[in-house]
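First comes the structure, then the notes that go with it.
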Amino acid sequence: MKHRIYAILCLLVSAAYGVTQDLPAHLQTMKTSYAASGSILALDRHTLVIEPNMPGPICSLPRNEGGKTSWSYFAFPLASITVPLAAVDESLISEDIVFTDPGATKAYKPGDVGDTTMVVVMGVPGKQFHTLMYDREKLAHLGPGVHNSSAYGQAPDDVEAFGLTFADHAAARAFVDALKNAVVVAKEQARLQTDGR
């Protein structure tokens, strides 16, 4: 009986150790795949700060409704997003191929494929992400050089979801897979820590 209990304890410890080892690899994959679109910093093992390149593109998404094309537009004026991994709903991370060329809506023909992948990340119910938003118009009118964040209207806001863009679809796919895996690992680590109390 003692040997069985010891074996179970060893399995639990090794499982927790394996979970801990996986997380840095997932975080590194996210950093690498997002490098062309912005940067990712780890505040701690379970919290990221994502800083998209500014200005972010305006994304146009075509929809075919009854043989006619309609368009949805998305803009994510985000300077930074603080992302506690346990606050992400990994089942609701979505991807869409979108157009960022302002003339795409006029030149579009059914079947045309967009130039950018838009990834939307949703929070679990009751959780929000702390962000720093900016005014796109103010930013567009600033000249070259370093500017104070107040010059482009940067201000804090809390959001239930946020969007990220990737010019490379393979990089977006790698990011999404790594994010989903990191969220699962972070939630499992939190559960193990709670159970161990």
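Points worth noting:
- Within region 169-179, not a single residue is assigned to a strand (DSSP E or B) and at pLDDT 95 or above.
- Leading residue by the ranking (farthest from residue 104 (Cα to Cα)) among those in region 43-74 that are open to solvent by 50 Å² or more (accessible area, probe 1.4 Å) and touching a residue at least 60 places away in the same chain (Cβ under 8 Å): 45
- Region 128-144: number of residues that are within 15 Å of residue 157 (Cβ to Cβ) and part of a loop (DSSP other than H, G, I, E, B): 3
- Residue-level check: of (1) part of a loop (DSSP other than H, G, I, E, B); (2) open to solvent by 60 Å² or more (accessible area, probe 1.4 Å), residue 114 misses just (2).
- When residues of region 112-145 are limited to those that are hydrophobic (A, V, I, L, M, F, W, C) and more than 20 Å from the chain's Cα centre (by Cα), the one farthest from residue 52 (Cα to Cα): 113
- Those residues of region 150-159 which are modelled with pLDDT of 95 or more and surrounded by 15 or more Cβ atoms within 10 Å (Cβ to Cβ), in sequence order: 159
- Number of the condition not met by residue 120 [criteria: (1) under 26 Å from residue 184 (Cβ atoms); (2) crowded, with 18+ Cβ neighbours inside 10 Å]: (2)
- Check on residue 137, open to solvent by 30 Å² or more (accessible area, probe 1.4 Å) and modelled with pLDDT under 95: yes
The values are calculated or read from the model by the stated rules, or taken from the named source; none is laboratory data. In this text, all values refer to a predicted model and were calculated from it rather than measured experimentally. For neighbour counting, all protein chains shown are included, and Cβ atoms are generated from backbone atoms with ideal geometry for every residue, glycine included. In case anyone asks, the SASA skips ligands and DNA or RNA and just uses the protein heavy atoms, side chains included. Shrake-Rupley method; radii C 1.70, N 1.55, O 1.52, S 1.80 Å.
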